[in-house]
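Undergrad: Please see the structure below; I have some questions.
What follows draws every value from the coordinates through simple rules; no lab data is involved. A quick note: this is a predicted structure, and the numbers were derived from the prediction, not measured. Positions of Cβ are generated from backbone atoms using ideal geometry, with glycine treated the same way; all protein chains shown enter the neighbour counts.
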Amino acid sequence: MADIAWIPLIFVTLLVIATIGLGLYVQRSVRSTADMYVASRSVSVPMNSAAISGEYLSAASFMGVAGMVMKFGYDVLWYPALYAAGYLFLLLFIASPLRRFGAYTIPDFAEGRYASPSFRKIAVVFVLAIGLFYTMPQMKGAGVALVNILHTPYWVGVVLVGAVITFNVALGGMKGITFVQAFQYWVKMFAISVPIFILFAFIGGYPGQMAQFGNQGEAGKALPRFLDDHQITYRPVAPANEVVFPAAISGRFVNGAEVAVTVTPALPPGSDPITPEDLLPSGLPAETVVREVAGTERTLYIFAPGTEFVTSAPVQVTRNGEPVIVRDPSTREEKELLVTPKLLLFPYADQDRVVVHYARGEVVPNAPADKTWLEPFGPLTNKYGYPVLYTYSLILAIICGTAGLPHILVRFYTNPDGKTAKRTAFWVLILLGAFYFFPAIFGAMGRNAVPELYAVTGGAYSTDSVVLVLPKILNEQVVYLGDILSGITSAGAFAGFMTTFSGLLVSITGALAHDIYGNMLNKKATPQQRINAFRLAAVLAGAGAIVLGTFVENFDINMMVGWAFAIAAASYFPLLIISVWWRRASATGAAVGMLGGGLSALAAIVSTMLADKQVLPGLAVWYAQNPVFRTLAEQPAIWAVPLALTLIVVVSLLTPRAVPADVHHKMLVLHAPEELGLKHAFIKEEQPTKTTSR
């Protein structure tokens, strides 16, 4: 109990109580299916813009952006810039037309636009795929936050937060979460901004923090060092049980370890071999064991508990006694190839984790050098050697993916009309821009103040936790001040994944209850049956999200969000942009394009996840040998989006009979001003029952 961070716990508890209280209060006014799905289309612009911003600012925005800036450097500023810029595309091309076509869900739009009930089934598949992919990083954020506050196992936070949000959504649906999401946007805005200004007052402003990079050694080559002695815990779960040492470092295996010693990057064919002894000059233990690792047999060196180790500085690669010359993929300059030691850690004897002790002043493993951290095409986009390809694919995924996220798009159906939908999208841009000013500052300050977070490449104490850990350094200067600020950021983090998970759960639940149950299984369901189905579907969807969340502890939050955006960009974005603006699109073409692009992107992303988790070790080896294909699989938008658009256009031209007969009327509905009276209500909503006195 003494390890519990009581002050952050109090802040988080108050937020959870407020969230449940708002849900219970609003639930009393929920009387119809329109309340559950679209809040009776009566949400004002200020309320809806705050609610959409709250829903969009997920764990990836609050925790993940800061963590990735700290981990990979300013190359990652593409993320916050694009998260906001995506709404400009949505504002200009999609928001108003989508609202004018009155529906509850995007599958409603797909069926109504093409007069094809079969198309609804295809659209539902991608609502579920995108929604479940997007829930995983929210669950990761919940687990990380609870580990930092209660020091509980990772899965406890996943289950606790998942249960609370599932309860809220099941009670109040869209109407219930709208008020909660608007409230929690302002919680997040306060939590991300106020601690920054207080940190500035105590440890120096942003320019002073940036000026420190490169001052500890030869300019641009300095590396973060431990500010105090630290014991780092490595959990042997792929893909995060590798430790890369970019310079000479020493440490001690507290509870022992089985270690495979390799080099990074991999040696080119024909190079003179580099032995483990070249990389660990302190000497390797005589005792070894042969185990199967990633589908191949590897020799692991057995270090007993307490064994010291020392790694060497980068080692030169030679061929026939001459240095191997390679071309730097970012600068195109030739240089000698140097490799660094990489340790693959496994538990010793009956231990379940590896604990390594590092002394104060040692270089922090897994950290990029200052020069690499500061320059474009850094360690994120350049990790497979094709940084331009990686970057532009990421740009396409986030901008187009924003315009294809079902849980965001459905919120525009809650506006009274198309004009207010467009005004809402405009104000969302303003609110998001104000928020994204701050996470990158957390990442830069974290590199200086809490560099030990680099040492763990995945899990709860990695760079993803910097917004929770950084404020605690002020405890040394003012008692409890750091804990109070950490409590504020913890509440903001909880608000982050709670609001987004709420919206995702409504989207997934709508697909299950409205599209599958109400329009496929039981079209004659009564309003009360539909409400009951919504609540049951919310419980099922919440349980599924919780289960998936327990498997992604060692993936970066923002990386998982980027994958959800890529799937949305390759499936829903082509459907919407073509359907809204091209009258010759046919049902067959739209379906083939959505399936071709979406399933291809989904398959590519799942393959990278399975390769990283060593579920498909052969594929992991193939990706390592073919980095361009690994780049295209991890960031598939650059080929999947053009594929989907091309398929829609080509197949539509080949199948003109599948173009709806009333397409001209529907295009008028999508684009004509509401004043002309052409508004089309695809969903005929029942009115809540009213009692009158006589």
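Undergrad: Set Lys and Arg Cβ to +1 and Asp and Glu Cβ to -1, take the dipole of the chain about its Cα centre, and tell me which of LEU160, GLY73, PHE303 lies farthest positive.
TA: Of the listed residues, the answer is LEU160.
Undergrad: Compute the signed sum of charges (Lys and Arg +1, Asp and Glu -1) over the other residues within less than 15 Å, Cβ to Cβ, of THR457.
TA: +1
Undergrad: Given the chain, report the % of alpha carbon pairs whose separation exceeds 36 Å.
TA: Numbers: 100493 of 240471 pairs.
Across the chain, Cα pairs with separations above 36 Å total 42 percent.
Undergrad: If you don't mind, there's one more thing I want to ask. Given an 8 Å cut-off on Cα distances and at least 6 residues of separation, report the relative contact order of segment 230-366 as a percent.
TA: Worked out over segment 230-366, it gives 45 percent.
Undergrad: Place a +1 charge on the Cβ of each Lys and Arg in the chain and a -1 charge on the Cβ of each Asp and Glu, then give the dipole magnitude about the Cα centre in debye, rounded to the nearest 20.
TA: Dipole magnitude for the chain comes out near 3400 debye.
Undergrad: Right, here's the next one. Could you sort 651-657, 520-526, 189-195 so that the peptide with the highest average Cβ count within 10 Å comes first and the rest follow in order?
TA: Highest mean packing first, the order is 189-195, 651-657, 520-526.
Undergrad: Let me ask something else about it. Ignoring GluC sites (Glu not before Pro) that are buried or in helix or strand per DSSP, and keeping those with at most 10 other beta carbon atoms within 10 Å, what is the longest stretch of the chain between them?
TA: Segment 334-694 is the longest.
Undergrad: Here is a further query. Treating segment 230-366 as a set of equal point scatterers at the Cα positions, no solvent, please give the Debye-formula log₁₀ I(q)/I(0) at q = 0.09, 0.11 Å⁻¹.
TA: Reported log10 I(q)/I(0), two decimals: -0.29, -0.43.
Undergrad: Okay, which of segment 572-609 sit inside 17 Å, backbone N to the point 7 Å along the Cα-Cβ direction of LEU668?
TA: Of the residues in segment 572-609, 583-584 have backbone N under 17 Å from the label point off LEU668.
Undergrad: List the residues, sorted by chain then number, that are 5 or more residues from LYS342 or on another chain and whose placed amide H is less than 5 Å from its amide H.
TA: Distant-sequence amide H within range of LYS342: THR262, VAL263, THR264.
Undergrad: Another question, then. Starting from the Cα-Cα distance between LEU548 and THR275, subtract it from 0.36 nm times their residue separation and give me the gain in nm to one decimal. Intermediate results must be reported in sequence, preceding the final value.
TA: Numbers: separation 273, 0.36 × 273 = 98.28 nm, distance 3.99 nm.
Computed gain between LEU548 and THR275 is 94.3 nm.
Undergrad: Let me ask something additional. Past 23 Å, Cα to Cα, is the threshold; run LYS524/LYS666; LYS188/LYS371; LYS188/LYS472; LYS71/LYS613; LYS71/LYS342 against it and keep the listed order.
TA: The answer is LYS524/LYS666; LYS188/LYS371.
Undergrad: Using amide H atoms built in the peptide plane, which far-off residues or other-chain residues are under 5 Å from VAL659 H to H?
TA: ALA587
Undergrad: Continuing with the same structure: Compute the separation of the alpha-carbon centres of segment 636-657 and segment 511-570 and state it in Å as a whole number.
TA: Between the Cα centres of segment 636-657 and segment 511-570 lies a distance of 27 Å.
Undergrad: Something else about it: Determine the dipole magnitude for segment 230-366: charges of +1 sit on the beta-carbon of Lys and Arg, -1 on that of Asp and Glu, nothing else is charged, the reference point is the Cα centre, and the result goes in debye to the nearest 20.
TA: Charge dipole of segment 230-366: 320 debye, to the nearest 20.
Undergrad: List the DSSP H helices in the chain whose Cα atoms stretch 18 Å or more along the helix axis and whose mean Kyte-Doolittle hydropathy is at least -0.5.
TA: Span-like helices, by this rule, are 6-27, 78-93, 117-150, 154-203, 387-402, 418-435, 481-510, 527-549, 557-581, 587-612, 637-654.
Undergrad: Follow-up question, since we're still on this one. Calculate for the chain the 222 nm mean residue ellipticity that helices alone would give, adding -39,500 (n - 2.57) per DSSP H run of length 4 or more and normalising by residue count, nearest 500 deg cm²/dmol.
TA: Mean residue ellipticity at 222 nm (helix-derived): -18000 deg cm²/dmol.
Undergrad: Would you please give the residues with an amide H less than 5 Å from that of ARG225, counting only those at least 5 places away or on a separate chain, with H modeled from the backbone geometry?
TA: The list, which skips near neighbours in sequence, is VAL364.
Undergrad: Using a simple spin-label model with points 7 Å from Cα along the Cα→Cβ vector, what separation in nm is obtained for VAL310 and VAL615?
TA: 4.4 nm
Undergrad: Still on this model: Per-residue counts of other Cβ atoms within 10 Å, averaged by peptide: what ranking do you get for 243-254, 494-505, highest first?
TA: Details: 243-254: 19.8, 494-505: 30.5.
Going by the mean number of other Cβ atoms within 10 Å, highest first, we get 494-505, 243-254.
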